[in-house]
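J.: Pasting in a structure now, in structure tokens, and then I'll have a few things to ask.
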Amino acid sequence: MENKISKTGFYLALYGTVIVLAWIGIFKFTPTEAKAIKPLVENSPLMSWLYLIGNEQQVSNFIGIFEVITAALLATFPFSKKLSLAGGVLNTVIFLSTLSFMFTTPNSFNVIDGILIPDAFILKDLVFLGMGLMVIGLNYPILNTARK
């Protein structure tokens, strides 16, 4: 990162992602969130199989653990390239999966005044996906090449 403003922006986005991931990960341990995510997970070709091996709360807990671990790994960015790279990869997996819910969950899009509107709760994950890709790019030497 070339200047203080870019560096500050990056760290705000990084630790904002860490806080949100940890927060929603912890919330997955509640029955309210377990019930809320069920329609998303059960309609997903990528994740519906989880209900074959666990009940509603167990699946939610598993996802929560995955999210909290990812947040912790991302938080290591200033100290460990390897750990934060793993966090970037897991973050990317999480948010590619959640973005896919827009296309697999019924009624994820509405038409309001003739404009197609996606579920904003899921659409925000596009920004978090970008953060994961930035962490990967900054940590992976082949992708982190000097600008011309």
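J.: Would you kindly state how much longer the chain becomes between Leu83 and Trp49 on full extension, computed as 0.36 nm times their sequence separation minus their alpha carbon distance, in nm to one decimal? Don't skip to the answer; put the middle values down first.
T.: On the way: separation 34, 0.36 × 34 = 12.24 nm, distance 2.82 nm.
That works out to 9.4 nm of additional length.
J.: Next up: Below 8 Å between Cα atoms, with a sequence gap of 6+, how large is the relative contact order for the chain in percent? Let's see the in-between values first.
T.: Numbers: 164 pairs, mean separation 33.4, N = 148.
Averaging sequence separation for qualifying contacts and normalising by length gives 23 percent for the chain.
J.: Here is a further query. Positive end of the dipole of region 4-139, charges at C-beta (+1 Lys, Arg; -1 Asp, Glu), about the Cα centre: which of Pro45, Ala22, Pro78 has its Cα farthest in that direction?
T.: Pro78
Every read-out reported here was derived from the displayed coordinates using simple, explicitly stated rules and does not represent laboratory data. Since the structure is predicted, the reported quantities are computational estimates derived from the model, not experimental observations. For neighbour counting, all protein chains shown are included, and Cβ atoms are generated from backbone atoms with ideal geometry for every residue, glycine included.
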